[in-house]
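Please treat every number below as a calculation from the coordinates, not as lab data. Just so we're clear, the structure is a prediction, and the values are computed from it rather than from any experiment. Cβ sites come from the backbone with ideal geometry, for glycine too, and all protein chains shown count toward neighbours.
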Amino acid sequence: MTMRFDGQVAIVTGAGGGLGREHALALAARGAKVVINDLGGARDGSGGSATAAEAVVAEIEAAGGEAMANAASVTDAAAVQAMVDQVVAKWGRIDILVN
């Protein structure tokens, strides 16, 4: 039996690539609505873009899931609070955090 997350909302940080992306795709495949959080910076920490997050959202939506992109830096408390507020306004809850 596959574990399901139907009706649950997950935030996955660093989800624009690597393990974060894999966690986000797995949660979405099991019914969760997923926030794809990724600063989109270079490996040296410079820059920032929502492009990587938006690409993962497109993958999830193409597979029939629900997702939203967010490019907040997890080192910025105000940006994280804004992300949480956005998620709660859209989906009413947060059940899972993968950080």
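The table that follows gives values for the structure above.
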read-out: Mean residue ellipticity (222 nm) of the chain, computed from DSSP H runs ≥ 4 via -39,500 (n - 2.57), nearest 500; value: -12500 deg cm²/dmol
read-out: Amide proton proximity set for residue 34, modelled H, under 5 Å, gap of 5+; value: 10, 66, 67, 68
read-out: DSSP bridge orientation in the chain - percent antiparallel, rounded to nearest 5; value: 0
read-out: Overall form of region 9-98 per C-alpha gyration tensor (a/c, 1.5; a/b vs b/c); value: oblate
read-out: Separation in nanometres of the label points that stand 7 Å from Cα toward Cβ, at residue 30 and residue 78; value: 3.7
